[in-house]
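Here's the structure, in structure tokens; my notes come after.
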Amino acid sequence: MSTNKSLLKEAPLLELKNLETAFDIDGTYYNAVDHVSFKVKPRQIVGVVGESGCGKSVMSLSIMQLLPKGIGKIKSGEIIFDGLNLEKMSESQINKIRGKDISMIFQEPMTSLNPVFSIGYQLQEVLFNHMKISKQEARQKSIALLKSVGISRPEKLVDEYPHQLSGGMRQRVMIAMAIACQPRLLIADEPTTALDVTVQAQILELLKDIQEVNDMSIILITHDLGVVAEMCDEVIVMYAGKIVERTDVDTLFYNPKHPYTSLLLGAIPKMDEKEERLTSIQGIVPSLTNMPKTGCRFANRCPKARPECQKITPLLKEVEQGHEVACLLYETSKPIEGVVG
Ligand SMILES: Nc1ncnc2c1ncn2[C@@H]1O[C@H](COP(=O)(O)OP(=O)(O)O)[C@@H](O)[C@H]1O
Ligand SMILES: [Mg+2]
């Protein structure tokens, strides 16, 4: 855990303000990201956690302006990167930033690497997009980049094709492509989920090294809280398109407040004390067309829900300095009977 107190006063590199991203399903737009606001400071690693279907990838694609055209759109809100409103940019303006100042690595590298082009060709394409360099220089730079992500025979690998590489090697190539132009922000969407544990640890270590050397900020999306503990400064917990808790990594682990966070941490015992602690949360994340119209979206799965939780929508509020929670249990200034932090 690496909470850095000196980060506290710095201006954010990225700020999301009330972001609403929606998908057209049978002629109606449904919010997959619902009024999400947070900041990422320079050199900060912000973890985003939450079960599958909670809007983590859609939020990332919104920042990258890579939502599927004609289906997904930013309905309202702002995405401010280094003072610039990304959501207002034209395609040519965003193209200058994407892949250069902000880049993204995806969960499944096979879908983002083109099978018909060599690794070297694909790396050089990224470089040519943003730098004026010769073919010779691009090849040399590609080899150096592959070396920097721990690939041991980069001169040979530049001429190989994605299918010739293992999953871990492909993910290293993806990281090389993502950092080719030294971005200030890297969005890593479940970058190690498809990998086995040993390779996962190596890739995370690599990301952390690169982050330190390049002074980069990272938004690290993962469903693995162990990864969060290892890597992140701050954590955002998302549920059904909303942020339900945001705080520094130590506080999240030692003083989680939202019942959803506690359940993700496996910290709430079942009603019957003799039973084992929960390993998964009962029920499922509602689909976009099935979101509860009123109240807290987690209420029907929440072991601490009270009748009003179905009716009143909780807002994300700062309950302690630097600790935001969206839960009715914390909306009153009076202590609630029977509820412990
Ligand atoms: N192209 C799409 N069309 C319609 N709904 C989508 C699309 N992409 C994602 N969604 C929906 O948006 C919600 C959030 O998805 P996603 O961001 O992928 O979740 P996560 O990354 O947290 O697992 C889900 O309900 C998902 O089904
Ligand atoms: Mg996802």
Along the Cα→Cβ direction, 7 angstrom out, place labels at residue 254 and residue 201. What is the inter-label distance in nm? 2.5
Normalising by the residue count of the chain, find the relative contact order in percent from Cα pairs under 8 Å and 6+ residues apart. 20
Sum of side-chain charges, residue 176 neighbourhood, beta-carbon under 11 Å (Lys, Arg +1; Asp, Glu -1): +4
What aspartates and glutamates does residue 293 reach when the alpha-carbon gap must be under 17 Å and sequence neighbours fewer than 8 apart in one chain are set aside? 20, 34, 308
Of 73/132; 75/317; 17/56; 69/242; 73/208, pairs whose Cα-Cα distance is over 26 Å: 73/132; 73/208
Which shape class, rounded, prolate or oblate, goes with the chain when its Cα gyration tensor gives a ≥ b ≥ c as root eigenvalues, a/c under 1.5 marks rounded, and past that a/b bigger than b/c marks prolate? prolate
Looking at the range 59-148, which trypsin sites (Lys or Arg not before Pro) are in a loop (DSSP not H, G, I, E or B) and have at most 14 other Cβ atoms within 10 Å? 69, 132
Helix 135-148 versus the longest principal axis of the chain: what angle, 0 to 90°, nearest 10, using Cα atoms? 50
With label points set 7 Å from each Cα along the Cα-to-Cβ direction at residue 166 and residue 114, the distance between them in nm comes to 2.8
Between 0 and 90 degrees, rounded to the nearest ten: what's the tilt of helix 119-130 against the longest Cα principal axis of the chain? 80
Below 16 Å, Cα to Cα, which aspartates and glutamates can residue 147 reach? Residues fewer than 8 away in the same chain don't count. 137, 155, 159, 160, 205, 209
The local net charge around residue 221, scoring Lys/Arg +1 and Asp/Glu -1 for residues other than residue 221 whose Cβ lies under 9 Å from its Cβ, equals -1
Sites excluded, GluC sites (Glu not before Pro) in DSSP loops with at most 11 other C-beta within 10 Å, longest stretch of the chain: 1-272
Principal-axis tilt of helix 197-214 within the chain, Cα atoms, nearest 10 degrees: 80
If you take every DSSP beta bridge fully contained in the chain, what fraction is antiparallel? Give it as a percent rounded to 5. 60
Around residue 34, under 9 Å between beta carbons, what's the net of Lys plus Arg minus Asp minus Glu among the other residues? +1
By Cβ neighbour count within 10 Å, fewest first, 126, 325 rank 126, 325
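Read-outs throughout are calculated quantities, based only on the coordinates presented, and are distinct from any laboratory measurement. The model shown is predicted, which means the values in this text are computed figures rather than measured ones. We place every Cβ from the backbone using ideal geometry, glycine too, and count neighbours over all the protein chains shown.
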